[in-house]
Amino acid sequence: MRKPVIAANWKMNGSAELCERFASTMVRPEYADVWLFPSSLHLAKLTELFRGSDVATGAQNVWTDVSGAYTGEISASMVARIHAELALVGHSERRATFGDSDAIVAKKFKIIMEAELIPVLCVGETLEERESEMAHLAVQRQLHAVEAAWDRSVYSHSVIAYEPVWAIGTGKAATAAIAQEMHALIREHVRMQGSGDADALRILYGGSVKPENARELIAESDIDGFLVGGASLDVDDFNRICESVKN
Ligand code: 13P
């Protein structure tokens, strides 16, 4: 049995007050792992607020090097030093807006692993790729890029988030059937590549997850939790999503 994960990606939102509200009113379920990804400005505070609990925190992004003259960036080792445990990598907003190519994503994945953080590798196709029946190929290309850069067992200490670009922030989540098909494909890919324990790997779905659709999605056999954007900014909605994965 894979333990479900409910993860909050606050993106460029949130405040010190939101950190405190989460610390005081967020449910802390035993049946799921809860991970929080605030902005890097609030990461140290949120990590401190949840220190000693089962709730883990992580960075939304890190740079490809350990330290140096990279104005505006943070490194994976800095994230590890403040006792955060995770980092997102390859989010479609990073890929589309900030030029994170497959090669850069692979480098970031490697530096996150080297800092002994858990990477949450985000993959997903664009609408154009889906409409031209290239969704499978697009996701496999993104996975291959990381596998080529990290020759050890890539997915033994990492998590994959399938986030179709067309479902992010649009209010139009993938249907449970589409999400299940893509998650099964990813798991099969990992099995075929021998790049990790495919049965133990947790694959999260992201893209317009709400309290209203979480239960239907989590019922699918290869969906192991969620990476939640907009709905994770409201602690009540986030709590309801957490409750929906309880079986
Ligand atoms: P939304 O839940 O706002 O669609 O965002 C999903 C996402 O990008 C999580 O990383």
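Just so you know, all these numbers are worked out from the coordinates, no wet-lab data involved. Remember, predicted model here, so these are calculated numbers, not experimental data. Please note: Cβ atoms are built from the backbone with ideal geometry, for glycine as well, and neighbour counts cover all protein chains shown.
Any idea which residue in the stretch 119-134 is farthest from residue 146 (Cα to Cα), counting only those that are exposed (fewer than 14 other Cβ atoms within 10 Å of the Cβ) and acidic (Asp, Glu)? Break it down stepwise before answering.
The first filter runs over the stretch 119-134 and keeps only residues exposed (fewer than 14 other Cβ atoms within 10 Å of the Cβ), leaving 127-128, 131-133.
Subsequent filtering for residues that are acidic (Asp, Glu) retains 128, 131, 133.
Numbers: 128: 23, 131: 25, 133: 23 Å.
Here the answer is 131.
Can you find a residue in the stretch 179-197 that is closer than 24 Å to residue 134 by Cβ, loosely packed, with under 15 Cβ neighbours inside 10 Å and touching a residue at least 40 places away in the same chain (Cβ under 8 Å)? Write out each step before concluding.
Let us first name the residues in the stretch 179-197 that are closer than 24 Å to residue 134 by Cβ, namely 179-193, 195.
Right, trim to loosely packed, with under 15 Cβ neighbours inside 10 Å and you get 188, 191-192.
Going one step further and asking which of them are touching a residue at least 40 places away in the same chain (Cβ under 8 Å), we end up with none.
No, the stretch 179-197 contains no residue that is closer than 24 Å to residue 134 by Cβ, loosely packed, with under 15 Cβ neighbours inside 10 Å and touching a residue at least 40 places away in the same chain (Cβ under 8 Å).
Any residue that is part of a strand (DSSP E or B), touching a helix residue (DSSP H, G or I) at 6+ places or on another chain (Cβ under 6 Å) and closer than 20 Å to residue 148 by Cα - is there at least one of those in the stretch 82-105? Steps first, please.
Residues of the stretch 82-105 that are part of a strand (DSSP E or B), as a first pass: 86-89.
Keeping just the survivors that are touching a helix residue (DSSP H, G or I) at 6+ places or on another chain (Cβ under 6 Å) gives 87, 89.
Next, from what is left, pick out any that are closer than 20 Å to residue 148 by Cα: 87, 89.
The answer is yes; a qualifying residue exists.
Among the listed residues 239, 213, identify the single one that is outside any loop (DSSP other than H, G, I, E, B) and within 15 Å of the ligand (Cβ to nearest atom). Even if it seems obvious, please write down each step before you answer.
Values: 239 fails: within 15 Å of the ligand (Cβ to nearest atom).
Being outside any loop (DSSP other than H, G, I, E, B) and within 15 Å of the ligand (Cβ to nearest atom) holds for just one of 239, 213, which is 213.
For residues that are aliphatic (A, V, I, L, M) and within 16 Å of the ligand (Cβ to nearest atom), scanning just the stretch 145-175, find the one that is surrounded by the most Cβ atoms within 10 Å (Cβ to Cβ).
Our first condition is that a residue be aliphatic (A, V, I, L, M); within the stretch 145-175, this holds for 145-146, 148-149, 154, 159-161, 165, 167-168, 173-174.
So of that shortlist, the ones also within 16 Å of the ligand (Cβ to nearest atom) come out as 159-161, 165, 167-168, 173-174.
Working: 159: 23, 160: 28, 161: 26, 165: 20, 167: 24, 168: 23, 173: 23, 174: 25.
Here the residue is 160.
Looking only at the stretch 57-109, which residues are more than 16 Å from the ligand (Cβ to nearest atom), of a type in the set (Gly, Ala, Ser) and on the phi < 0 side of the Ramachandran plot?
67, 69, 75, 76, 77, 80, 84, 101, 103, 106, listed by residue number.
Could you check how many residues of the stretch 18-43 are touching a residue at least 40 places away in the same chain (Cβ under 8 Å) and outside any strand (DSSP E or B)?
Total satisfying the criteria: 10.
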